[in-house]
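Asks: What follows is a single structure, and I will ask about it in a moment.
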Amino acid sequence: MIRFILNDRLVETRLPPGSALLDYIRYGQHLTGTKIGCREGDCGACTVLEGRLENNQLHYRSITSCLTPLGNAHGKHIVSVEGLNMERLSPVQQAFADENASQCGFCTPGFVVSLSGYAISTKNPSRSDAIDSMNGNICRCTGYKSIERAAERVARLLREKDPEKPFDWLVHQGFLPAYFLDIPRRLIGLVDGSQESGSGSLILGGGTDLLVQKPDEVAAADVSLVFDKQEMKGIRERDRHIYIGAAATANDIMDSSLMADLFPEIRKYFKLVSSDPIRNMGTLAGNLVNASPIGDLSIFFLALEASLDLMQPATGIRRRVALRDFFLEYKKLDLKPGELVMGLRFPIPVNPFFFNFEKVSKRTHLDIASVNTAICLETEGDKISTCRLSCGGVGPVPLYLVETSAFLREKTLSASVLLEANRTLQKEIKPIGDIRGSKEYKALLARQLFFAHFLRLFPERVNAEELFALSRSQ
């Protein structure tokens, strides 16, 4: 039995846990404000809020219900646009009306839900963050300026929010219906920490891949839900390593203080990885076992000398495999039948280090990479003492560039060294032409992004004009 609170009502269902939450909301509960758009997590028309208790605190985040397995709603508070309605328009709804931020109206519920989720969040109100909260929503009518003005109005109102009692303030100011105040108590009584996760052969995490690729098969399958397994969550430091649970989401990683201390630019990097609703759902292990040659998290962690902890649940036998050895060939992994990815670990560099992640796609944000790459290196004086370089979109698997990384070690950083390293890189990659670009284009992108690492990390030592002038002369 799947049990959760939908808006202000407790609902129960025995529908398959792998079916889409969107379908249950629309067809099971007849709440049609949640729209069917792309069914790929791209348009945001089906956005809802997911509320969960964490350390006795209620936290909400936006998710796309078209890709959310119904079983993942168990024990939570799911809010559709109808759950935000009151006798009067909320300040979010009123801002959309006053700024003419809706035309055909199809996308409007998703925008309202996302911006209402921002109002609930603990972020300090700002125009840019308010607008960014809707980065998973697409509108084909307005040109967005009126929506941005509505977001700006809401951000101004939120400057008065009481940080000590945010929900009381939000209810008093009409942002939320009063029933929100009783949700924590109701959630405690609902599941009391337990969840039926199933024991099927199909492992299902956030759903952001499988519910795009084969939704009907997933709905019909006997699934094992791992998204809320506590032993697969969390980000922590242990024995000079950072350990990340397999079910940690991309936003969990991006928002981790441990990761932010190591990678001050991590928010910039991860903003290139899809939208907030998808980053709230997509898990680390899901991104890795998808085995896409352009998996963003695969490329990010390949450059960090990461390894995976694997477990056979039937026997409890565990083993560890280097991430660079995990990808065997296209869509083939070093993963035995029934084996689970439990987590990922990478060593914290002993010496000061430099890290960068680059990605090019047809759209800057919310898109799949044509080529992506990451680098992690340490220096001693003018020399590169350690280098680890990864690149995606240029081979059948996410590539750890062994030869290029080895070439750069013990080299003094200069334009001529980088040009020679690029020649090694070009021999090591094997791009093919596809919908995201020709093989020549991808080879060029690999070169440009390789140079970009050093232009960003060492602007005082690498000059773009010198680099490209020398490149043209050879």
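The values are calculated or read from the model by the stated rules, or taken from the named source; none is laboratory data. Note that this is a predicted model, so its numbers are computed, not measured. Every residue, glycine as well, gets a Cβ built from its backbone with ideal geometry; the counts of neighbours run over all protein chains shown. Just so you know, the surface numbers come from the protein's heavy atoms only, side chains and all, with ligands and any DNA or RNA stripped out. Shrake-Rupley method; radii C 1.70, N 1.55, O 1.52, S 1.80 Å.
Asks: Can you work out which of the residues in segment 363-377 that are under 19 Å from ASN137 (Cβ atoms) and of a type outside the set (Asp, Glu) is modelled with the highest pLDDT? Break it down into steps so the answer makes sense when it comes.
Replies: In the first step, residues of segment 363-377 are kept if they are under 19 Å from ASN137 (Cβ atoms); the result is 363-368.
Filter again for of a type outside the set (Asp, Glu), leaving 363-366, 368.
Working: ARG363: 80, THR364: 76, HIS365: 77, LEU366: 77, ILE368: 89.
The qualifying residue modelled with the highest pLDDT is ILE368.
Asks: Here are the criteria: (1) at pLDDT 95 or above; (2) small (Gly, Ala, Ser); (3) touching an Asp or Glu at 6+ places or on another chain (Cβ under 7 Å). Tell me which single one GLY200 does not satisfy.
Replies: (1)
Asks: Another one. Looking at segment 217-264, which of its residues are in contact (Cβ under 8 Å) with a residue 24 or more places away in the chain, more than 22 Å from GLY18 (Cβ to Cβ) and among the hydrophobic types (A, V, I, L, M, F, W, C)?
Replies: The answer is ILE235, ILE242, ILE244, ILE253, MET254, MET259, LEU262, PHE263.
Asks: Taking the residues in segment 387-410 that are within 29 Å of the chain's Cα centre (by Cα) and open to solvent by 40 Å² or more (accessible area, probe 1.4 Å) as candidates, determine which candidate is farthest from LEU449 (Cα to Cα).
Replies: Going through the qualifying residues, I end up with PRO396.
Asks: Please determine, by comparing only the residues of segment 363-386 that are of a type in the set (Ser, Thr, Tyr) and part of a strand (DSSP E or B), which one is least open to solvent (accessible area, probe 1.4 Å).
Replies: To start, the set of residues in segment 363-386 that are of a type in the set (Ser, Thr, Tyr) comprises 364, 370, 373, 379, 385-386.
Of the ones still in play, those that are also part of a strand (DSSP E or B) are 373, 379, 385-386.
Values: THR373: 6, THR379: 38, SER385: 23, THR386: 38 Å².
Filtering first and then ranking leaves THR373.
Asks: So if I check each of VAL350, VAL341, which one is open to solvent by 40 Å² or more (accessible area, probe 1.4 Å) and β-branched (Val, Ile, Thr)? Before the answer, list the steps.
Replies: Values: VAL341 fails: open to solvent by 40 Å² or more (accessible area, probe 1.4 Å).
Testing whether each residue is open to solvent by 40 Å² or more (accessible area, probe 1.4 Å) and β-branched (Val, Ile, Thr) leaves just VAL350.
Asks: Contact list please: Cβ distance under 8 Å, first residue in segment 289-313 and more than 18 Å from GLU358 (Cα to Cα), second residue surrounded by 23 or more Cβ atoms within 10 Å (Cβ to Cβ) and of a type in the set (Asp, Glu), pairs at least six apart or on different chains.
Replies: Cβ pairs passing all conditions: none.
Asks: Quick one: which residue in ILE183, ILE147 is in contact (Cβ under 8 Å) with a residue 24 or more places away in the chain and within 19 Å of GLY51 (Cβ to Cβ)? If you could, list the steps in order and put the result at the bottom.
Replies: Values: ILE147 fails: within 19 Å of GLY51 (Cβ to Cβ).
From the options ILE183, ILE147, the qualifying one is ILE183.
Residue by residue, here is whether (1) part of a loop (DSSP other than H, G, I, E, B); (2) free of Cβ contacts under 8 Å to residues at least 40 places away in the same chain; (3) of a type in the set (Lys, Arg) holds:
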{"position": "GLY395", "(1), (2), (3)": "yes, no, no"}
{"position": "LEU419", "(1), (2), (3)": "no, no, no"}
{"position": "TYR441", "(1), (2), (3)": "no, no, no"}
{"position": "ALA446", "(1), (2), (3)": "no, no, no"}
{"position": "PHE451", "(1), (2), (3)": "no, yes, no"}
{"position": "LEU455", "(1), (2), (3)": "no, yes, no"}
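Asks: Filter segment 63-107 down to residues that are of a type in the set (Ser, Thr, Tyr) and within 21 Å of the chain's Cα centre (by Cα), then give me how many there are. Outline the logic, then answer.
Replies: Of the residues in segment 63-107, the ones of a type in the set (Ser, Thr, Tyr) are 64-65, 68, 80, 90, 102.
Remaining after also requiring within 21 Å of the chain's Cα centre (by Cα): 64-65, 68.
Residues in segment 63-107 being of a type in the set (Ser, Thr, Tyr) and within 21 Å of the chain's Cα centre (by Cα): 3 in total.
Asks: Moving on. Quick check on segment 223-236. Is at least one of its residues within 24 Å of GLU358 (Cβ to Cβ) and open to solvent by 30 Å² or more (accessible area, probe 1.4 Å)?
Replies: The first filter runs over segment 223-236 and keeps only residues within 24 Å of GLU358 (Cβ to Cβ), leaving 235.
Now restrict to residues that are open to solvent by 30 Å² or more (accessible area, probe 1.4 Å): 235.
Among the residues of segment 223-236, at least one is within 24 Å of GLU358 (Cβ to Cβ) and open to solvent by 30 Å² or more (accessible area, probe 1.4 Å), which makes the answer yes.
Asks: A further question on this structure: Test of understanding: among GLU82, GLU50, GLU12, which residue is among the acidic types (Asp, Glu), free of Cβ contacts under 8 Å to residues at least 40 places away in the same chain and out of contact with any helix residue (DSSP H, G or I) (no Cβ under 6 Å at 6 or more places or on another chain)?
Replies: Numbers: GLU82 fails: free of Cβ contacts under 8 Å to residues at least 40 places away in the same chain; GLU50 fails: free of Cβ contacts under 8 Å to residues at least 40 places away in the same chain.
Just one listed residue meets the conditions, GLU12.
Asks: Confirm whether ARG153 is of a type in the set (D, E, K, R), modelled with pLDDT of 95 or more, open to solvent by 30 Å² or more (accessible area, probe 1.4 Å) and under 14 Å from VAL112 (Cβ atoms).
Replies: Against the criterion (of a type in the set (D, E, K, R), modelled with pLDDT of 95 or more, open to solvent by 30 Å² or more (accessible area, probe 1.4 Å) and under 14 Å from VAL112 (Cβ atoms)), ARG153 qualifies.
Asks: Can you tell me which residue in segment 140-178 is farthest from PRO91 (Cα to Cα), limited to those that are in a loop (DSSP other than H, G, I, E, B) and among the acidic types (Asp, Glu)? So that I can check it myself, show each step before the final result.
Replies: Step one: filter segment 140-178 for residues in a loop (DSSP other than H, G, I, E, B), giving 140-144, 159-165, 173-177.
Subsequent filtering for residues that are among the acidic types (Asp, Glu) retains 160, 162, 164.
Values: GLU160: 13, ASP162: 16, GLU164: 21 Å.
Only one residue tops the list, namely GLU164.
Asks: Oh, and also: Go through segment 129-162 residue by residue and tally those that are out of contact with any helix residue (DSSP H, G or I) (no Cβ under 9 Å at 6 or more places or on another chain) and not β-branched (Val, Ile, Thr). Please lay out each step first, then the result.
Replies: Step one: of segment 129-162, the residues out of contact with any helix residue (DSSP H, G or I) (no Cβ under 9 Å at 6 or more places or on another chain) are 140-143, 145, 159.
Now restrict to residues that are not β-branched (Val, Ile, Thr): 140-141, 143, 145, 159.
Number satisfying all stated conditions: 5.
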